[in-house]
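The values are calculated or read from the model by the stated rules, or taken from the named source; none is laboratory data. Treat the numbers as computed from the prediction; the structure is a model and nothing was measured. Virtual Cβ from ideal backbone geometry, glycine too; neighbours counted across all protein chains shown. Heavy atoms of the whole protein, side chains included, go into the accessibility calculation; ligands, DNA and RNA do not. Shrake-Rupley method; radii C 1.70, N 1.55, O 1.52, S 1.80 Å.
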Amino acid sequence: SSEKVRAYHILIKHQGSRRKSSWKDPDGALISSTTLEDAVSQLRDLRSQIVSGDASFQDLASKHSHCSSAKRGGDLGSFGRGQMQKSFEEAAFGLKIGEISEIVESDSGVHIIMRTA
């Protein structure tokens, strides 16, 4: 199908992530010492700041996300089915526009996703 969504996300990497480096942590030292539980807890805190209106998704993404999309406030642009990891894709396609996901695990780490289109 030609169905596409547009989404922003915040990625927190951890010990179990497939790539243990990012623009924030080029040598991977921090990522390698972050447990899955720590990553989830950090993301829960960021999500509650967004939901409560204390911070914007884009601001927190640009400061905290381990994805290179952080430079764009977490914007991943538009994508169709089969372009993202399955768990991420299912979560993104399952959101209504403007909605923010619960925590989603993928091989890359843990994410929160905000669908924008």
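Evaluated with a Cβ-only charge set (Lys, Arg +1; Asp, Glu -1), the chain carries a dipole of roughly 380 debye about its Cα centre, given to the nearest 20.
When Rg and the Kirkwood Rh are both derived from Cα coordinates, the Rg/Rh ratio for the chain amounts to 0.95. For the chain, relative contact order (Cα pairs under 8 Å, six or more residues apart, normalised by length) works out to 39 percent.
Work out the FRET efficiency for I103 and S78 from their Cβ-Cβ distance, taking R0 = 25 Å, and round it to the nearest 0.05.
0.60
Which links in K13/K63; K4/K96; K63/K96 stretch past 19 Å when you go from one Cα to the other? Checking Cα-Cα distances, K63/K96 exceed 19 Å. Taking every protein chain into account, the accessible area of the chain amounts to 52 square angstrom per residue (probe 1.4 Å).
Sites listed here are trypsin sites (Lys or Arg not before Pro) in segment 1-69 whose DSSP assignment is loop and whose Cβ has at most 12 other Cβ atoms within 10 Å: R18, R19.
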